[in-house]
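Note sheet for the following structure.
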Amino acid sequence: NVLILDFGSQYTQLIARRVRELNIFCEIFPYNHFPDDLSSYKAVILSGSPFSTRADDAPHPDLSQIRGKMPLLAVCYGAQYLAHFNGGEVGASSTREYGRANLSFIKEDEAFFADVPMNSQVWMSHSDTIKKLPTGAVKLASTHDVENAAYKIEGETTYAIQFHPEVYHSTDGKKMLENFLVKIAQVPQNFTPNAFVDEIVAELKEKIGNDKVVLGLSGGVDSTVAAVLLNKAIGDNLYCIFVNNGLLRKKEFENVLHQYKDMGLNVKGVDAGDRFLGQLEGISDPETKRKTIGRVFIEVFDDEAHLLTDVKWLAQGTIYPDVIESVSVKGPSATIKSHHNVGGLPDFMKLKIVEPLRMLFKDEVRRVGKTLGIDPELLGRHPFPGPGLSIRILGDITKEKVRILQEVDAVFIDGLKSWGLYDKVWQAGAILLPVDSVGVMGDERTYEKVVALRAVESTDGMTADWVHLPYEFLMKVSNDIINKVKGVNRVVYDISSKPPATIEWE
Ligand code: XMP
């Protein structure tokens, strides 16, 4: 188990992912809220930071229980912090040190750099530099512009590096992390999907006992994997509720419900489409749509949860990025849960919360899902927004518009699948525009809907680019949509990136 202390760097999550890729479990804690009991940690990594360690308001945590007592790797800001307060000197660099650099000196026979070749590319991102090493330090590496690119403290397992080993552009960064964690700190590489499943199932059994648990399934990867894990731990004491809000993809409710039953889940499908669409009538504003759907979902879920007796727990598919977000360095207030207004909450929200995936990144959830034997097609599904097609129907929502968009979306998605393009796309869908355009079919003039197709590549949805789908594919799909979907006479393709556009149109 490795502890990563976060000083607010944009790359902290990447450090965790690289460590996990080595099959080593790690946890991120904000530098100002780390655990008192460090006995279960085998090594500590200090992250980078947007701060200058010379600033008064910069993070200056007490590391006396860590430094010299366990293996420590300080990255970027961390390296400067160790130098600044231990007899070294940190100052503004004379040249900007951003982007690629190459190691021009590596100390011989140094375990940290084992199998790292001279000239190895590393990624720099700092405006301060270490002008003088701290007391007891030995220089391990330099680049052309950065004399003190890496050092260690004699007599300790303390290592410090100015560059970022976690980013893709540090070619041997993962090797260095492996050298530090495996060769130097001797952390076992035993965090595998199988080990995770065994451990979490035992933990869930122990924690929940014979209590009943309710869980809302969405058809997405996270809630599905959470359900299968819980089902493995407590069997039919897990009550799953899958709500059809009437805004899912064509036949999705029936298909996914069927799949869930085949997986042996104790699941109830609640077809509340009319209730949602009734409440959405006449609403065009995107935020009001989202809020309405959120509210109706809570009402429906609460009604269903009331039909169950003696439920003690609410299970959620929360994953690690959400957890880190809520305890981030930037938001100390987020560490305090604001649940004082419990009286006003729906009953199910008063349940105890269980989150089996709260320690996993998305790709790890998929790997665990695979280990659990979940259908790869389900695990490989594109993300789909909670408010569903409502935010892809610009303007107000009617049953007829939902039908049109479901048909269009189905032609597009089926087309991507049959052309082998689905897995190359991160997310795809269709948008129904609030304009009618003139067309001609046979000898008739038509005045019908325009749909936009959107397909993007992304890793996390934060930034995205449009996918260069083959013209032949776009031609075929456009033709199929106009011929098969009554009410549509024009198809356009969205070629905007995020930023400045967003993935969804609302
Ligand atoms: P945007 O449009 O912000 O979308 O670029 C980024 C990702 O978030 C999804 N999205 C949502 N997901 N509720 C959700 O559960 C929402 O209200 C919502 N809005 C956008 C979107 O599909 C994309 O994956």
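Before moving on, here are some points about what is shown:
- Computed from backbone phi with θ = phi - 60° and the Karplus coefficients 6.51, -1.76 and 1.60, the 3J(HN,Hα) list for the range 54-70 is 7, 6, 5, 8, 6, x, 9, x, 7, 9, 5, 7, 10, 5, x, 9, 8 Hz; x is used for glycine and proline.
- A DSSP coil position with no more than 10 other Cβ atoms inside 10 Å describes the following GluC sites (Glu not before Pro) in the range 71-119: Glu108.
- Taking 15 Å as the cut-off, the amide N atoms of the range 238-258 that come nearer than this to a point 7 Å along the Cα-to-beta-carbon line of Leu308 belong to 238-243.
- For the range 296-304, backbone phi angles converted through the Karplus equation (6.51, -1.76, 1.60; θ = phi - 60°) give residue-by-residue couplings of 5, 4, 5, 4, 5, 5, 5, 4, 5 Hz, Gly and Pro being listed as x.
- Computed over neighbours whose Cβ is under 12 Å from that of Gly48, the net charge equals -3, Lys and Arg +1, Asp and Glu -1.
- Once backbone amide H atoms are built at 1.01 Å from N, Arg490 has Val451 as its partners under 5 Å, excluding neighbours fewer than 5 places away on the same chain.
- The helix-only estimate of mean residue ellipticity at 222 nm for the chain, built from DSSP H runs of length n ≥ 4 each weighted as -39500 (n - 2.57), is -9000 deg cm²/dmol after division by the residue total.
- Using alpha-carbon coordinates, inclination of helix 471-484 to the longest axis of the chain, degrees: 30 degrees
- Sites listed here are trypsin sites (Lys or Arg not before Pro) in the range 69-160 whose DSSP assignment is loop and whose Cβ has at most 10 other Cβ atoms within 10 Å, and the list is empty.
- Residue exposure sequence - Met475, Met124 - by fewest surrounding Cβ within 10 Å: Met475, Met124
- Of all DSSP-defined beta bridges confined to the chain, some 45% are antiparallel rather than parallel.
- In loop segments of the range 58-106 as defined by DSSP, the chymotrypsin sites (Phe, Trp or Tyr not before Pro) with at most 16 further C-beta atoms inside 10 Å of their C-beta are Phe85.
- Seen from a random direction on average, the alpha-carbon convex hull of the chain projects onto 27.4 square nanometres.
- Taking amide H as placed 1.01 Å from N in the peptide plane, the amide H of Thr158 sits under 5 Å from that of Leu72, Ile153, each at least 5 places away or on another chain.
- Taking amide H as placed 1.01 Å from N in the peptide plane, the amide H of Val270 sits under 5 Å from that of Phe242, Val243, Asn244, each at least 5 places away or on another chain.
- J(HN,Hα) series, the range 436-448, from Karplus relation 6.51 cos²θ - 1.76 cosθ + 1.60, nearest Hz, glycine and proline x: 9, 10, 7, x, 9, 10, x, 9, 8, 8, 10, 9, 9
- Gain upon complete extension [Lys352, Ala92; 0.36 nm per residue less C-alpha separation]: 88.6 nm
- Taking Thr292, Thr309, Thr135 and counting other C-beta atoms within 10 Å, the order from fewest to most: Thr309, Thr135, Thr292
- Using C-alpha pairs below 8 Å separated by at least 6 residues, the relative contact order for the chain is 11 percent.
- Computed across the range 2-184, the Kirkwood hydrodynamic radius from all distinct Cα-Cα pairs reaches 16.0 Å.
- Placing a pseudo-label 7 Å from each Cα along the Cα-to-Cβ vector at Asn119 and Gln279 gives an inter-label distance of 6.4 nm.
No value in this document is a laboratory result; all are computed from the given coordinates. Bear in mind the structure is a predicted one, so any value in this text is a computation, not a measurement. Positions of Cβ are backbone-derived with ideal geometry, glycine not excepted, and every protein chain shown enters the neighbour counts.
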